[in-house]
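Take a look at the structure below.
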Amino acid sequence: MNFGFSGSAMMEPETATILSQRNLDLLLIDAEPNAGMDWKLKERLEPFLDIYFEKCPKTPVILASRTYLGMDFYEQEDVIERREFYRGFLKKECEKYAEKGYRISFIDGLKIVPIDKAEFSIDGLHPDSYALALIAEAYIKKIKEFL
């Protein structure tokens, strides 16, 4: 089931509570394009995961970092800083929760759609059909490894 929050995936604790009440086989979190744009993800990821894993300790979780976006072509310092921070942050959070015994894994979105293909976007932000196919292939591969 895709809960597609359409630009509203901000990692609120209420969302974690609602998702933890569902009978999910797996939770894939791709919230960086929304919650990572103004640093909310940094503040909210750990409380979100704590709430979710408290109710669903056996459900696997995949954290995905964002793919390259149109703004990455301009190499703005704040964009690069945030992108690189979250790439490392999400990976470290996965490692931390895995050490606690949770089934959690990381997908590096920057490896899914290479920078030279980042122009495959409908508006510089949202992926077009080609980029979505690349993302889907990467997600399917990771999901198959996990289930």
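The values are calculated or read from the model by the stated rules, or taken from the named source; none is laboratory data. This is a predicted model, so every value here is computed, not measured. Because the Cβ atoms are built from the backbone with ideal geometry, glycine has one as well, and the counts that use them run over all protein chains shown.
If I filter the range 37-61 down to residues being aliphatic (A, V, I, L, M) and modelled with pLDDT of 95 or more, which single residue comes out as nearest to the chain's Cα centre (by Cα)?
Of the range 37-61, the ones aliphatic (A, V, I, L, M) are 37, 41, 45, 49, 51, 61.
From what's left, modelled with pLDDT of 95 or more: 49, 51, 61.
Details: 49: 12, 51: 17, 61: 10 Å.
Per the stated criteria, the residue is 61.
Whether any residue in the range 93-109 is more than 26 Å from residue 21 (Cα to Cα) and out of contact with any Asp or Glu (no Cβ under 7 Å at 6 or more places or on another chain) is what I want to check.
Checked against the condition, which is being more than 26 Å from residue 21 (Cα to Cα) and out of contact with any Asp or Glu (no Cβ under 7 Å at 6 or more places or on another chain), the range 93-109 yields at least one hit.
Can residue 25 be described as at pLDDT below 95 and charged (D, E, K, R)? Give the derivation first.
Numbers: at pLDDT below 95: yes; charged (D, E, K, R): yes.
The answer is yes for residue 25.
Which one is farthest from the chain's Cα centre (by Cα), of the residues in the range 20-36 that are over 23 Å from residue 141 (Cα atoms) and buried (at least 16 other Cβ atoms within 10 Å of the Cβ)? Walk me through how you get there before you give the answer.
Initial filter on the range 20-36 (over 23 Å from residue 141 (Cα atoms)): 20-22, 34-36.
Keeping just the survivors that are buried (at least 16 other Cβ atoms within 10 Å of the Cβ) gives 20, 34-36.
On the way: 20: 17, 34: 10, 35: 10, 36: 9 Å.
For the range 20-36, the residue satisfying everything is 20.
When the residues of the range 71-98 are narrowed to those that are touching a residue at least 12 places away in the same chain (Cβ under 8 Å) and basic (Lys, Arg), which ends up nearest to residue 59 (Cα to Cα)?
91
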